[in-house]
1. Filter the stretch 65-110 down to the residues that are of a type in the set (Phe, Trp, Tyr) and more than 17 Å from Thr221 (Cβ to Cβ), then identify the one that is nearest to the chain's Cα centre (by Cα).
2. Against the conditions (1) over 30 Å from Pro180 (Cα atoms); (2) free of Cβ contacts under 8 Å to residues at least 12 places away in the same chain, where does Leu96 fall short? Just the number, please.
3. Among the candidates Tyr281, Tyr248, Tyr229, Tyr184, which residue alone is hydroxyl-bearing (Ser, Thr, Tyr) and in contact (Cβ under 8 Å) with a residue 24 or more places away in the chain?
4. I need every pair where a residue in the stretch 192-216 that is of a type in the set (Phe, Trp, Tyr) has its Cβ under 8 Å from the Cβ of a residue that is modelled with pLDDT under 80, sequence separation at least 6 or different chains.
5. Go through (1) more than 30 Å from Ile215 (Cβ to Cβ); (2) hydroxyl-bearing (Ser, Thr, Tyr); (3) open to solvent by 40 Å² or more (accessible area, probe 1.4 Å) for Thr38 and report which single condition fails.
6. Kindly indicate the residue of the stretch 99-147 that is open to solvent by less than 50 Å² (accessible area, probe 1.4 Å), in a loop (DSSP other than H, G, I, E, B) and touching a residue at least 60 places away in the same chain (Cβ under 8 Å) and also nearest to Leu226 (Cα to Cα) among those meeting that condition.
7. Does the stretch 92-104 contain at least one residue that is at pLDDT below 90 and either in contact with a Ser or Thr (Cβ under 6 Å, 6 or more places away or on another chain) or within 30 Å of Leu266 (Cβ to Cβ) (or both)?
8. Can you find even one residue in the stretch 231-244 that is among the hydrophobic types (A, V, I, L, M, F, W, C), open to solvent by less than 60 Å² (accessible area, probe 1.4 Å), more than 24 Å from Val55 (Cβ to Cβ) and at pLDDT 90 or above?
Amino acid sequence: MKRGGLSTLVFALPVLVIFGVFSWWPIVRSVVMSFQKTNLVAPATWVGWDNFQYVLTDPDLPTAIRNTLYFALLALVIGFPIPLVAAVLMSSVKRLKGLYSVLAYLPVVVPPVVAVLLWKFFYDGSADGVFNTILGYVGLGPYAWLSSPSLAMPSLVIEATWAAAGGTVIIYLAALIGVPGELYDAAEVDGAGIWQKVWHVTMPQLRGVLFITFILQIIGTVQVFLEPYLFTGGGPANATLTILLMIYNYAFGRSLGGDYGAATALSVMLAAFLAILSLVYFKLTSSWSKS
């Protein structure tokens, strides 16, 4: 071992132990529990693949998968371009750029539960609700935002986009600093407008960052839980039931006596799907992000 290697290992060992205990051990324990019948009260019994079969035959699973994919699609359509556009506009201003950055990031520092409860107040479906009152000035509404099966999911996506966009805006702003200014100058000499600069200069320069944020957003939206849990509880009529909400219902829906085996089985399947999706995505985009 090279000089200093042993001392480095000694200093790193506590971190490795803590990381293993609090990160890897729960993963291993979850995989084991997915093959057991357990509610953490009675002794666990080994049931093999029964938990996976039970989850796959649950009639609510197709609904949860469809709702989760719908949420992810809406979040990509609504939430993916907004931070990029905001970052480009903020980077082009000459004054108060720091203030705009703070305002953009402010929703991120609001506790998630507080943010959801605040927006739940805004989404009041009566004519006196905040959003319905604003729309009433232009002759629209009132809308039953969280009580309508067709409006509930888009309402959740709008709040989730507002809550999470600030962090992505800061990432894009940091990446835009590395874009050579002479590229914009050359584009301006050629008569390019702001959106032509974005398409032909900004987008190619941020390609690698965009690929990373894209897959991170997919992973994050597929694991959505807080919004459907606090806003609607999965309703109305299971319109906002998601995969993570199903996992929660398996484990804690009946308090003590929850089916932790089924919950961990569905968790393992979701983790495996996201791992495969990430590997395929990075394999397909590895050459694109560098070209």
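The values are calculated or read from the model by the stated rules, or taken from the named source; none is laboratory data. Quantities reported herein were computed from a predicted structural model and do not represent experimental measurements. We place every Cβ from the backbone using ideal geometry, glycine too, and count neighbours over all the protein chains shown. Each accessible area value is taken on the protein alone, full model and side chains, heavy atoms only, with ligands, DNA and RNA left out. Shrake-Rupley method; radii C 1.70, N 1.55, O 1.52, S 1.80 Å.
1. Our first condition is that a residue be of a type in the set (Phe, Trp, Tyr); within the stretch 65-110, this holds for 70-71, 80, 100, 105.
Checking which are more than 17 Å from Thr221 (Cβ to Cβ) leaves us with 100, 105.
Numbers: Tyr100: 23, Tyr105: 16 Å.
Looking at residues that are of a type in the set (Phe, Trp, Tyr) and more than 17 Å from Thr221 (Cβ to Cβ), I get Tyr105.
2. So the condition that Leu96 fails would be (1).
3. Numbers: Tyr248 fails: in contact (Cβ under 8 Å) with a residue 24 or more places away in the chain; Tyr229 fails: in contact (Cβ under 8 Å) with a residue 24 or more places away in the chain; Tyr184 fails: in contact (Cβ under 8 Å) with a residue 24 or more places away in the chain.
Among Tyr281, Tyr248, Tyr229, Tyr184, only Tyr281 is hydroxyl-bearing (Ser, Thr, Tyr) and in contact (Cβ under 8 Å) with a residue 24 or more places away in the chain.
4. Matching pairs, first to second residue: Phe211/Thr285; Phe211/Trp288; Phe211/Ser289.
5. Failing condition for Thr38: (3).
6. The extreme case among them is Leu146.
7. The first filter runs over the stretch 92-104 and keeps only residues at pLDDT below 90, leaving 92-104.
Imposing the further condition that a residue be either in contact with a Ser or Thr (Cβ under 6 Å, 6 or more places away or on another chain) or within 30 Å of Leu266 (Cβ to Cβ) (or both) reduces the set to none.
For the stretch 92-104, residues at pLDDT below 90 and either in contact with a Ser or Thr (Cβ under 6 Å, 6 or more places away or on another chain) or within 30 Å of Leu266 (Cβ to Cβ) (or both): absent.
8. The initial filter retains those residues of the stretch 231-244 that are among the hydrophobic types (A, V, I, L, M, F, W, C), namely 231, 237, 239, 241, 243-244.
Subsequent filtering for residues that are open to solvent by less than 60 Å² (accessible area, probe 1.4 Å) retains 231, 239, 241, 243-244.
With the extra rule that they be more than 24 Å from Val55 (Cβ to Cβ), the set shrinks to 231.
Now narrow it down to the ones that are at pLDDT 90 or above: 231.
Scanning the stretch 231-244 turns up at least one residue that is among the hydrophobic types (A, V, I, L, M, F, W, C), open to solvent by less than 60 Å² (accessible area, probe 1.4 Å), more than 24 Å from Val55 (Cβ to Cβ) and at pLDDT 90 or above.
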